[in-house]
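Right, one structure below, let's go through it.
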2 protein chains.
Amino acid sequence: MLAEIITIGDEILIGQIIDSNSAFIGKELNKIGVDVYQITSISDDKQHILDALKEARQRADIVIITGGLGPTKDDITKHTICEYFNDTLVQDKKVLKHIEELFAKYISTPISNVNRQQALVPSKSTVLMNQYGTAPGMWIEDKNQVFISMPGVPYEMKGLMKNEVLPRLQKRFDRPFIIHKTVLTYGLGESAIAERIEDWENSLPPFVKLAYLPNLGRVRLRLSARGNHKTLLEDTLNNKIEELQKIIGEIIVGFEEDETIESRIGNLLVNAGKTLSVAESCTGGRIAQSFTANAGASAYFIGGVVTYATKSKIDVLGVDPETIKKHTVTSAEVAEAMAVKSKEKFKSDYAIGTTGNAGPTKGDGDVEVGTVFIAIATPKTVFSKKYVFSNLRERTIGKAVSKAFELLLNELL
Amino acid sequence: MLAEIITIGDEILIGQIIDSNSAFIGKELNKIGVDVYQITSISDDKQHILDALKEARQRADIVIITGGLGPTKDDITKHTICEYFNDTLVQDKKVLKHIEELFAKYISTPISNVNRQQALVPSKSTVLMNQYGTAPGMWIEDKNQVFISMPGVPYEMKGLMKNEVLPRLQKRFDRPFIIHKTVLTYGLGESAIAERIEDWENSLPPFVKLAYLPNLGRVRLRLSARGNHKTLLEDTLNNKIEELQKIIGEIIVGFEEDETIESRIGNLLVNAGKTLSVAESCTGGRIAQSFTANAGASAYFIGGVVTYATKSKIDVLGVDPETIKKHTVTSAEVAEAMAVKSKEKFKSDYAIGTTGNAGPTKGDGDVEVGTVFIAIATPKTVFSKKYVFSNLRERTIGKAVSKAFELLLNELL
């Protein structure tokens, strides 16, 4: 069972937005055993859309299209799909009512004819109600293939996928099982892992695929098994993962598909009944934000300070100005003082402190651009490490956040 | 001059990673007048790669490929490209030396044969040196078309684009001018804007295209002009934007391509010699992080606190427990107290305070999930607004951040 995703919009091709819809759709389809063969991003151009539909149906059973359903002139997907299937647009009363209700409830501007036209759909299509917006989704069956069109606004598309598209696909198609198991590792690079597990990798049966997914010093290993016998697939993957644990057990963080190092830290803290706070300088709130992005963070994350200016390290956090004067603001001593003061102020069990210079210029400190000190305060002690990353600002911030997680995880394990 | 981007990797198709490389490449190519016709994401499969190369060269002059150049078994791009061009792999001495140096300098594990094999390149290719990694880029010319292969690791690919690919493309091809002008608006929806500027939109000449790019209550309008006469394009766009300002001037935030509402706030604060701090609860550090992501934030951003737990609002920020008791933690009074206390603690001129419940459960407060209070403290006063967003956690946080920026911007303008 193969699917193809077509995302439509000039803004994707000129790079003004990143196409995150395809990743969401790919993930969800995979879970129900539908394989995405290709993702194609094209412009808001009639001929290009027609070509893409024609090509996609030669490769896939299911074609999922997002984008170009807005009310404005540059949105031509609906008219083009209608033309492709030799169809005409008809007004859907239920959609019209929904649009009118949305306007009455949430939108301060009055409803217009342009808005009402969003209730027009191809006569052959089944309407997929869009709870979160005015453009409906559409499901068209043609020569045993299914074409699905959804708006490009991510949360509208997500709602449609979950409520309409996935349940309908599950009913409509018999699918093989696809099972993924993920092993999150840290501390070792892609090629070093590859060498250590070479024999194991060679022993994988043909229906199991292995992928290495590196990201900021952590490598995710993904095993995918496909076939008609669910138990066989599961047993094989479980056995292979047990074998893998014997080879590289000490660098494995976890096995959950959506597991991240911060969610693992969260689980460890909650299980131990401990709490965390953070004092950030160069990481500017990114560590706090990474924890609080997860629902349930309030069970262990008390809070944080972003002491971006040197004086706020003194004013708000209470770092001794003498420490800063003696060791400079970017130093092991200041990172440690930040962690300790954070622990005190927030009354947490653990705390992270970061101070460094992500660049591009030297700023308040006088260390090399890319230098970061990370401190961990535990119930018993405090320690810190110095890192020199790169002169790429974004990367240095990302790496510093990642290393802070690693240091804390090491301490908790 | 048309380009096509092919991103290779099973991890893209199953949605384990979002393809952000294409957006970067698209943006950079556009700046030098190269149009991206299509972006295609495919699997690490030989036949699929061969098919994609064949199809892309029918549509484009330049084919840019990322991904699949790692040292592990699932990376087959280099071998497949070699096969496509009937070529053989040869060792490049300069690349080998570079790999050995990288290992000596940055990598703690010893260099292996797998790593050394990354110095093998197709004999017909021109090597593009990858400063940040071990896999070199490759440039192959064939029948007047250019094929470029780069690793998929974003910062390695970005370095190769800037240092090697873009300068070489500029030398190699004569290109038309493409000029984009962006107008960032806030406070009005896509269709409401469309109605107000309908006559103006109809008056645009055929070589100018308009796109609406909505995101969390802000709509970016992008005008793109293409042609051989740079002055004509620029004059036309400038005139059209002047006309636009007369129609919707009051909702325009700025005109810079990379302008965001937070960078505009930053500029206004710096020009006025004023500073900012933030006290965040439900937004969990996202506001601080949005400001500090920009180099130069230290000129106006003093710092912030993330008082995630109720007691940290008292312990760290000094909010009066009576205020919390009387009005509950999710209230206008607490948001305002947070902003005022933040201003005091950080000694800033302005401050933002946020408190709310992003869900999924009711947590410490007792308001409806999705309720957020945002307060702005100015040098003279403090005020707040209540919002009820949705029960989608991520979206509520995003919208709250966005509304906080809007309220502050309004105040500064």
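Of all residues in segment B:206-222, how many are among the small types (G, A, S) and facing chain A (nearest Cβ under 7 Å)?
1
Given B:I65, B:I76, B:I140, B:I99, which one is more than 15 Å from B:N21 (Cβ to Cβ) and either out of contact with any Asp or Glu (no Cβ under 9 Å at 6 or more places or on another chain) or of a type in the set (K, R) (or both)?
B:I99
Given B:G133, B:G137, which one is modelled with pLDDT of 95 or more and small (G, A, S)?
Just one listed residue meets the conditions, B:G137.
Going through segment B:239-266 one residue at a time, which ones are without any contact (Cβ under 8 Å) to a residue 12 or more places away in the chain and within 30 Å of B:G296 (Cβ to Cβ)?
B:E242, B:Q245, B:G249, B:E250, B:D258
Consider A:A194 against the criteria (1) assigned to a helix (DSSP H, G or I); (2) free of Cβ contacts under 8 Å to residues at least 40 places away in the same chain; (3) out of contact with any helix residue (DSSP H, G or I) (no Cβ under 8 Å at 6 or more places or on another chain): it satisfies all of them except one. Which criterion is unmet?
Here A:A194 meets the rest and fails (3).
Somewhere in segment B:42-56, is a residue in a strand (DSSP E or B), more than 22 Å from B:N144 (Cα to Cα) and not polar (S, T, N, Q)?
Yes, because at least one residue in segment B:42-56 is in a strand (DSSP E or B), more than 22 Å from B:N144 (Cα to Cα) and not polar (S, T, N, Q).
If you scan segment A:263-277, which residues turn out to be under 23 Å from the mean Cα position of the chain (by Cα) and either among the β-branched types (V, I, T) or within 12 Å of chain B (Cβ to nearest Cβ) (or both)?
The answer is A:I265, and nothing else.
Among the residues of segment A:13-54, which ones are more than 9 Å from every other protein chain (Cβ to nearest Cβ) and basic (K, R)?
A:K31, A:K46, A:K54, listed by residue number.
What number of residues within segment B:367-412 are farther than 21 Å from B:G304 by Cβ and away from every other protein chain (no Cβ under 13 Å)?
Looking only at that region, the number is 5.
Here are B:T330, B:T371, B:T310, B:T354: which of them is at pLDDT 95 or above and of a type in the set (V, I, T)?
Of the residues listed, the single one that is at pLDDT 95 or above and of a type in the set (V, I, T) is B:T354.
Test each condition in (1) under 13 Å from B:M138 (Cβ atoms); (2) in a loop (DSSP other than H, G, I, E, B); (3) within 33 Å of the chain's Cα centre (by Cα) for B:T80 and report the one that comes out false.
(2)
Anything in segment A:336-392 that is acidic (D, E) and free of Cβ contacts under 8 Å to residues at least 60 places away in the same chain? List them, or say none.
Within segment A:336-392, A:E336, A:E344, A:D364, A:D366, A:E368 meet the criteria.
Has segment A:294-302 got at least one residue that is touching a Leu at 6+ places or on another chain (Cβ under 6 Å) and within 21 Å of B:T355 (Cβ to Cβ)?
Scanning segment A:294-302, I find at least one residue that is touching a Leu at 6+ places or on another chain (Cβ under 6 Å) and within 21 Å of B:T355 (Cβ to Cβ), so the answer is yes.
Among the helices (runs of 4 or more DSSP H) confined wholly to segment A:292-357, which include 3 or more residues that are more than 9 Å from chain B (Cβ to nearest Cβ)?
Once the helices (runs of 4 or more DSSP H) in segment A:292-357 are filtered for at least 3 residues that are more than 9 Å from chain B (Cβ to nearest Cβ), what remains is A:321-327, A:332-346.
Residue by residue, here is whether (1) within 12 Å of chain A (Cβ to nearest Cβ); (2) closer than 24 Å to B:M1 by Cα holds:
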{"residue": "B:K158", "(1), (2)": "yes, yes"}
{"residue": "B:K162", "(1), (2)": "yes, yes"}
{"residue": "B:L166", "(1), (2)": "no, yes"}
{"residue": "B:R175", "(1), (2)": "no, yes"}
{"residue": "B:I178", "(1), (2)": "yes, yes"}
{"residue": "B:L184", "(1), (2)": "yes, no"}
{"residue": "B:E190", "(1), (2)": "yes, no"}
{"residue": "B:E195", "(1), (2)": "yes, no"}
{"residue": "B:L204", "(1), (2)": "yes, yes"}
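Which residues, taken from segment B:186-223, are at positive phi and not small (G, A, S)?
If the condition is that a residue be at positive phi and not small (G, A, S), then B:L216 is the only one that fits.
Per-residue answers, yes or no, for (1) touching a His at 6+ places or on another chain (Cβ under 8 Å); (2) farther than 23 Å from A:L268 by Cβ; (3) crowded, with 23+ Cβ neighbours inside 10 Å:
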residue	(1), (2), (3)
A:G303	no, no, yes
A:K313	no, yes, yes
A:D320	no, yes, no
A:I324	no, yes, no
A:A332	no, yes, no
A:G359	no, yes, no
A:V372	no, yes, yes
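Out of the residues in segment A:17-35 meeting the condition of being within 15 Å of A:G68 (Cα to Cα) and part of a loop (DSSP other than H, G, I, E, B), tell me which one is nearest to the chain's Cα centre (by Cα).
The qualifying residue nearest to the chain's Cα centre (by Cα) is A:D19.
Quick one: would you say A:E322 is closer than 26 Å to B:K347 by Cα, out of contact with any helix residue (DSSP H, G or I) (no Cβ under 8 Å at 6 or more places or on another chain) and not hydroxyl-bearing (S, T, Y)?
yes
Within segment B:223-246, is there a residue that is under 30 Å from B:D174 (Cβ atoms) and at the interface with chain A (Cβ under 10 Å from one of its Cβ atoms)?
So far as segment B:223-246 goes, yes, one or more of its residues are under 30 Å from B:D174 (Cβ atoms) and at the interface with chain A (Cβ under 10 Å from one of its Cβ atoms).
How many residues are of a type in the set (F, W, Y), at pLDDT 95 or above and part of a helix (DSSP H, G or I) if we restrict to segment B:140-188?
The qualifying residues number 0.
Per-residue answers, yes or no, for (1) in contact (Cβ under 8 Å) with a residue 12 or more places away in the chain; (2) surrounded by 19 or more Cβ atoms within 10 Å (Cβ to Cβ); (3) over 23 Å from A:P176 (Cα atoms); (4) charged (D, E, K, R):
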{"site": "A:T7", "(1), (2), (3), (4)": "yes, yes, yes, no"}
{"site": "A:D19", "(1), (2), (3), (4)": "yes, yes, yes, yes"}
{"site": "A:V34", "(1), (2), (3), (4)": "yes, yes, no, no"}
{"site": "A:T40", "(1), (2), (3), (4)": "yes, yes, yes, no"}
{"site": "A:I62", "(1), (2), (3), (4)": "yes, yes, no, no"}
{"site": "A:D75", "(1), (2), (3), (4)": "yes, yes, yes, yes"}
{"site": "A:E83", "(1), (2), (3), (4)": "yes, no, yes, yes"}
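What residue, of B:F346, B:F373, is of a type outside the set (D, E, K, R), over 20 Å from B:K403 (Cα atoms) and touching a Ser or Thr at 6+ places or on another chain (Cβ under 6 Å)?
B:F346
Would you point out the residue of segment A:383-394, among those that are touching a helix residue (DSSP H, G or I) at 6+ places or on another chain (Cβ under 7 Å) and surrounded by fewer than 19 Cβ atoms within 10 Å (Cβ to Cβ), that is farthest from A:V372 (Cα to Cα)?
Among those residues, the one meeting the criterion is A:S390.
The values are calculated or read from the model by the stated rules, or taken from the named source; none is laboratory data. Everything quoted here is computed from the prediction, not taken from an experiment. Cβ coordinates were reconstructed from backbone atoms using ideal geometry, including for glycine residues, and neighbour counts include every protein chain displayed.
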